[in-house]
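Working notes, beginning with the structure itself.
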Amino acid sequence: MTLESRDSGGPGASRLAQAQAALARAESRAGLRVARALEVAQGPGRRAGVRGAALRPGVTRLTGSTTVLLALAAQAQAQGWCALVGAEGLGWCAAAEEGLDLGRVVLVRPGEADRRGLLAVLGALLEAVGTVLVTAEVAARLRPADRRALLARAREREARLLTDGDWEGARAFRAHRLNPLPHAGLGGVVVPLRGRPAPQELPAGRLVACAWEVRETTGWGQVEVLRRDSDGVSWETGVPQSCATSAPAARARTQVVG
Amino acid sequence: MSRVDAPRMLALWVPDWPVVALCGRWGGDAPEAGGALRPAVEAVAVVGGDGVLAASAPARGLGVSTGMRLRLARSLCPGLRVLRARPEVEVRAFEPVMAALGEVVADPVVARPGLALMAARGPARWAGGEQALAAKVVETVTDLTGAEGQAGVADSLLGAVMAARQGVIVPVGQAAEFLAPLPIDRLLAALTTRQARQEARLLIDTFSRLGLRRLGDLAGLPQKDVAARFGPTGALLHALAAAQEWRSPVCARPEADVQVERVLDPPVGRSDQAAFAARSLAEELSETLVRRALAAGRLQVRAQHEDGVSRSRCWRLEGVPAPADITDRVRWQLEGWLSGPGDGPVAPLTLLSLTALELRAAGAEQKGLWSQPGAQDRQRVARAAERVESLLGAGTVLSPLVEQGWDPRGRVRLLAWGEEVPAPQPALRGTRSLSPWLGAVPAPSPSVVPAQAVPARLQDAAGREVEVDAHGQASAEPHVLHVEGGPWQGSGEVAAWAGPWPVDEGWWRPQGAHRRAYMQVLMRDGQALLLVRRGRWWLEGVYD
């Protein structure tokens, strides 16, 4: 029996299919799966939100919030390593609270390195580290062609590059801070129509939480809301009721009063 | 004694070993030592939990004895210098003595720090007699280590120990006669563990009450009866007293650290010159390790500066380090020290020493059958980090570490890549290990902490500066915040605030306490900021 005849159908083909199916069943029973299939099963698929984008190989650009950027880095780090390039003035306590495992973090301070040096450094990091976060100041030192080359390299190496600077070809998201008053436990503040409301002490005695909404800069993608409190971060997909009512209304009210 | 095959045993006893060890170069860094002590002429005592453990000869001359309370010892000898007992130092310090003994005899055994035992029959033939062997042993140890000991030879364990104390050689077969007139509590000298001594002490009390006051009295009793009445401990003591016990107790010898050091004259102030010195030291250390077939777990770099300050740091190593590995780590360390992070440049180096710690036989480390989870990733990342460091220069690759502390800036330490992560601070009593300090700035922490705090002004409704008093209370409600620099420059109205959290630390330092107070401010545009009052207001963090 030749290969052609087996492939063309008939009893041979059905036996092969049966055997393959039996093997696949045995494999899945034993917990064994093809690595690529596993990626597809666990990976984000083609989710539209920023979390899905940050988990996919390539470059994700997020502006407007360091907290959201750190939360994405923590999510992308998962069980692997994360390299941060630049990152002057980063709050490491916040990074740790948001779930970034600092034991698996490499911090690179490029100092005054030129673009050639930076390109080599980022190339070396993309080879070895699954998630690389490049801050805007460092990204600006590269030429657009360099950034495109690094994007291609990241895709090829299946690495994730996050940045808050300009990056050609990146999926770009923007975070807006939601007015923290309702989140901070100041809900139901009476805003006088005339004059300024007096500043008041936060009722909880501390800042309880902050929240940001993240949406893609182009088009009408999914809106995701990140809430950051003392327990870490939590994501909500879509526009939750509380934020929907509070955020635009609060902003608008402030404008009216101001 | 008709036994012909009874081994001859040589004991080397260094009197007052704890004092000698702690006064020597091993104990020199003891804070209470206050410089080198000379136990031969000064009254020195080593004191543990139950009083004096050992005393130098001048102190004993004034009446200080083992087991005495410290208060009594001080009253007898007002100028007594007191050292804290450090058993681990005593053990380690004995290793050079054992190494020196190894030059003369094969395989000496540590009975306890300060007492070494070895077989004497063979070496005595080689040295030309037991007398000559004993003299040679004492001489070699004194020459090589400076420790002065006494040697004695006898047929049995207790006999050899007692002979060493008296510095005599007991002829073959006369150990029992030699021991017979000695007081019965001398049995304790041949027991090494605390538990054995404890049990023996009880038994010796009983023997004394029964009228057995000399070793000969005990040895004269039938062995079977003693064993039947007093059990195995009694039988052991009987065998010791009757000079029939020669099994020497064995105590593990620690592996001596491999240390190389170099005095830098003239002092070196530039890191490249220091790295040059480090290179030759590293080669020396690596060669010593290879010659002794050892692998090191840690590398300690210690530097002495011209102004008397001494710094040391540990680096973790894997396997047998190549000279280049060692040189790199020393160079990174020296660059860090000489550039003086934070407190300005430091004084030039006068001494550099490298110590390989946690030694083990090279090639004997067992790699796991399956590699540790993430080990491959770690190696790959380590290679990338080394590559990046070679591209950008030393000190550009760091690993962040968050510790317990009061505020988001003070809790963070950036360690050089590869530097050993220090053990976490112990948890406060009654708290969970990860709970934040009471009075610390609460979570969530600001996601932006500017590298340099930005000056700011916080004013109340009347335009006066808001102050924080000694009790940590704000003088007025904040209304307006002016930030004077950075991307947050500008003025804004305060919508809400929280705090202040006063922090008062370092009050024990001579330059005075470091007092500050933290305050969270929520601006009307929704921006949340963390301010610190330290002489004036500073912008310390942004909840961005």
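So how many Å³ per residue does the convex hull of the Cα atoms of segment B:15-170 work out to?
110 Å³
What residues have an amide H closer than 5 Å to that of B:A43, excluding those fewer than 5 places away on the same chain, when H is modeled at 1.01 Å from N in the peptide plane?
Correct list: B:R81.
Just tell me the longest site-free run in chain B, where the sites are chymotrypsin sites (Phe, Trp or Tyr not before Pro) in a DSSP loop having at most 15 other beta-carbon atoms within 10 Å.
Here the longest run is B:1-369.
For a footprinting-style exposure proxy, rank B:S390, B:S445 by other Cβ within 10 Å, fewest first.
B:S390, B:S445
What's the percent breakdown of Cα-Cα distances in segment B:79-220 across 10 Å bins, shortest bin first?
Going out from 0 Å in 10 Å bins, segment B:79-220 shows 11, 35, 32, 19, 3 percent.
Residue by residue through segment A:144-152, which ³J(HN,Hα) values in whole Hz follow from phi under the Karplus form 6.51 cos²θ - 1.76 cosθ + 1.60 (θ = phi - 60°), with glycine and proline marked x?
In residue order, the calculated couplings are x, 5, 4, 5, 5, 5, 5, 4, 5 Hz.
For B:A495, what residues show an amide H to amide H distance below 5 Å, using hydrogens built from the backbone and excluding near sequence neighbours?
Long-range HN contacts for B:A495: B:L522, B:M523, B:R524.
HN-Hα J couplings of segment A:97-108 from phi, Karplus 6.51/-1.76/1.60, θ = phi - 60°, integer Hz, Gly and Pro as x?
5, 7, x, 6, 7, 5, x, 10, 10, 10, 9, 10
Going highest first, how would you order A:16-24, A:90-98, B:261-269 by mean Cβ packing within 10 Å?
A:90-98, B:261-269, A:16-24
Skipping prolines and chain starts, which residues have an amide H placed within reach, meaning under 5 Å, of the one on A:F173, given they are 5 or more residues away or on another chain?
Close amide H contacts, sequence-distant or interchain: A:R61, A:L62, A:T63, A:T217.
Pull out a ≥ b ≥ c, the square roots of the eigenvalues of the alpha-carbon gyration tensor of segment B:93-160, then state rounded if a/c is under 1.5, prolate if not and a/b is larger than b/c, and oblate in the remaining case.
Taking the square roots of the gyration eigenvalues as a ≥ b ≥ c, segment B:93-160 is oblate.
Roughly what angle does helix B:87-102 make with the longest principal axis of chain B, taking Cα atoms, 0 to 90 degrees, to the nearest 10?
Result, in degrees: 50.
Rounded if a/c is under 1.5, else prolate if a/b is larger than b/c, else oblate: which is segment B:144-202, with a ≥ b ≥ c the root eigenvalues of its Cα gyration tensor?
oblate
Which of A:T131, B:T66, A:T63 comes first, and how do the rest follow, when ranked by fewest Cβ neighbours within 10 Å?
B:T66, A:T63, A:T131
Output the 0 to 90 degree angle, nearest 10, between the alpha-carbon long axis of helix B:323-339 and the longest principal axis computed from the alpha carbons of chain B.
Tilt of helix B:323-339: around 50 degrees.
I need the phi-derived Karplus couplings for segment B:225-231: 6.51 cos²θ - 1.76 cosθ + 1.60, θ = phi - 60°, integer Hz, Gly and Pro marked x.
Each residue of segment B:225-231 in turn: 5, 4, 5, 5, 7, 10, x Hz.
Can you give the Rg and Dmax of segment B:50-138 based on its C-alpha atoms, in angstrom?
Rg and Dmax of segment B:50-138, Cα atoms, are 17.6, 51 Å.
Send over the Kirkwood Rh of chain B, from the inverse of the averaged 1/r over different Cα pairs, rounded to one decimal Å.
Taking every pair of different Cα atoms in chain B, averaging 1/r and inverting gives 29.2 Å.
In nm, to one decimal, how far is the modelled label at A:E168 from the one at B:A99, with both set 7 Å along Cα→Cβ?
Here the answer is 6.4 nm between the modelled labels.
Compute the long axis of helix B:157-166 from its Cα atoms, compare it with the longest principal axis of the Cα atoms of chain B, and write down the angle in degrees, 0 to 90, nearest 10.
That works out to roughly 80 degrees.
FYI, it's all coordinate maths here, none of it is from the lab. This one's a predicted model, so the numbers in the text were calculated from it and none came from an experiment. For neighbour counting, all protein chains shown are included, and Cβ atoms are generated from backbone atoms with ideal geometry for every residue, glycine included.
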